[in-house]
Amino acid sequence: MSEVARFSAADHRHMARAIALAWRGLYTTEPNPRVGCVLVQGDEVVGEGWHRYAGGPHAEVEALRQAGARARGAHAYVTLEPCNHHGRTGPCSEALLEAGVAAVTVAGRDSHPQAAGGLERLREAGVAVRSGLMEAEAEALNPGFFQRLRHARPYVRIKLAASLDGRTAMASGESRWVTGAAAREDVHRLRARSSAIVTGVGTVLADDPALTVRLADDPTAGRQPLRVVCDSRLRTPVTARLLREPGQSLLVAAACGSEAVSGVALREAGAEVLFLPGRGGRIAPDHLLAELAGRGCNEVLVEAGPTLAGSFVAAGLVDELVLYLAPHLMGSAARGLFELPGLAQMAQRIALELDDLRQVGDDLRITARLKGEG
């Protein structure tokens, strides 16, 4: 049966509102999913809520508190199946039952092995349940959450900034600034929604970045993503800016086989040093992503030079490419976007599918994905 036949215009309107509410938690729910809830009596909204931060009340609980006694007999629209387990908060399925909610419509099912089962619990208790309303729109809220649960790796987003002739740095290595202030602020918002930021030691040595979220409105409420340096031979200096940011976590990933370089100085400076399987003396991106998934990372932002960025692309591990193009030319001697294996024929090209194109300040932002990925 089509969605049009199963769900009314009012159903769509209420779920669209729940999705809009869920987006308010874009920067703060990590590692939990972003969820919104709307409670309706007849066609009157009596309660709204969204998951604001990990450890805080879930969307359903916030909406129930707002509705009070009017929740009894109401219809709940939730962007994700209500949880059915005791974590840092109680199960939302039980909260809905205790409030006397009569019907629950969800956009998508929860595949988390502990939290799943909320709809079955509600159905067993006599609540009318439906699922699948605006599922694609709701899933777009949490690409990394679903990717991690289904495929045991985070959603990978690569950010690159280049001139119109595809150059990311001058031949001297100078790269500040390729793009303008508006594009750089946009990148900070990509960082803010990410669980981790990955870079390479070459970028650390050349640019000495902080890789922190620095926005005037502080949408993260103080949360900073984990910063990760791929550094096969542990060349990250203890004087690096990454180690001078108080209270911020830094993981330095080295390749197995380089244990002779102990990393004691980096550990003493506050970094976590981790040895991972590698290929050709370099860290294997799939092993790094598996490690980050095991740590609960949902979305990973790669901000790196052409070597590391190219290794993720070559491994087919890129879900989204965000490219900022600045309106200037940097010349043929400047550094390119990716280091990729030589491609001799047109049939070997790596095809991209464009998702979005817009102007950000004076620069263009292209959002694309590898065809066949995601």
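The values are calculated or read from the model by the stated rules, or taken from the named source; none is laboratory data. This one's a predicted model, so the numbers in the text were calculated from it and none came from an experiment. Note that we place each Cβ from the backbone using ideal geometry, even for glycine, and neighbour counts take in every protein chain shown. Surface areas here come from the heavy atoms of the whole protein model, side chains and all, with no ligands, DNA or RNA. Shrake-Rupley method; radii C 1.70, N 1.55, O 1.52, S 1.80 Å.
Annotations
Residue-wise test of (1) modelled with pLDDT under 90; (2) of a type in the set (Ser, Thr, Tyr).
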| residue | (1), (2) |
| --- | --- |
| 227 | no, no |
| 236 | no, yes |
| 243 | no, no |
| 300 | no, no |
| 308 | no, no |
| 328 | yes, no |
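- The residue list 50, 23 contains one member that is in contact (Cβ under 8 Å) with a residue 12 or more places away in the chain, surrounded by fewer than 17 Cβ atoms within 10 Å (Cβ to Cβ) and among the aromatic types (Phe, Trp, Tyr), which is 23.
- Selected residue [open to solvent by less than 10 Å² (accessible area, probe 1.4 Å), in a loop (DSSP other than H, G, I, E, B), of a type in the set (A, V, I, L, M, F, W, C) and at negative phi] from 318, 252: 318
Here's the yes/no breakdown for (1) part of a strand (DSSP E or B); (2) open to solvent by 60 Å² or more (accessible area, probe 1.4 Å); (3) closer than 20 Å to residue 59 by Cα:
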residue: 119; (1), (2), (3): no, no, yes
residue: 137; (1), (2), (3): no, yes, yes
residue: 141; (1), (2), (3): no, no, yes
residue: 147; (1), (2), (3): no, no, no
residue: 157; (1), (2), (3): yes, no, no
residue: 160; (1), (2), (3): yes, no, no
residue: 186; (1), (2), (3): no, no, no
residue: 190; (1), (2), (3): no, no, no
residue: 198; (1), (2), (3): yes, no, no
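- Top-ranked residue in segment 209-225 [being in contact with a Ser or Thr (Cβ under 9 Å, 6 or more places away or on another chain) and either in a helix (DSSP H, G or I) or modelled with pLDDT under 90 (or both); ranked as most open to solvent (accessible area, probe 1.4 Å)]: 221
- Matching residues in segment 53-72 - criterion: being open to solvent by 50 Å² or more (accessible area, probe 1.4 Å) and either at pLDDT below 95 or not charged (D, E, K, R) (or both): 53, 66, 69
- Within segment 272-287, restricting attention to residues that are touching a helix residue (DSSP H, G or I) at 6+ places or on another chain (Cβ under 6 Å) and open to solvent by less than 20 Å² (accessible area, probe 1.4 Å), the residue that is farthest from residue 319 (Cα to Cα) is 273.
- Scanning segment 338-374 for residues that are open to solvent by 60 Å² or more (accessible area, probe 1.4 Å), among the charged types (D, E, K, R) and either closer than 21 Å to residue 327 by Cβ or touching a strand residue (DSSP E or B) at 6+ places or on another chain (Cβ under 8 Å) (or both) gives 353, 355, 358, 362, 371.
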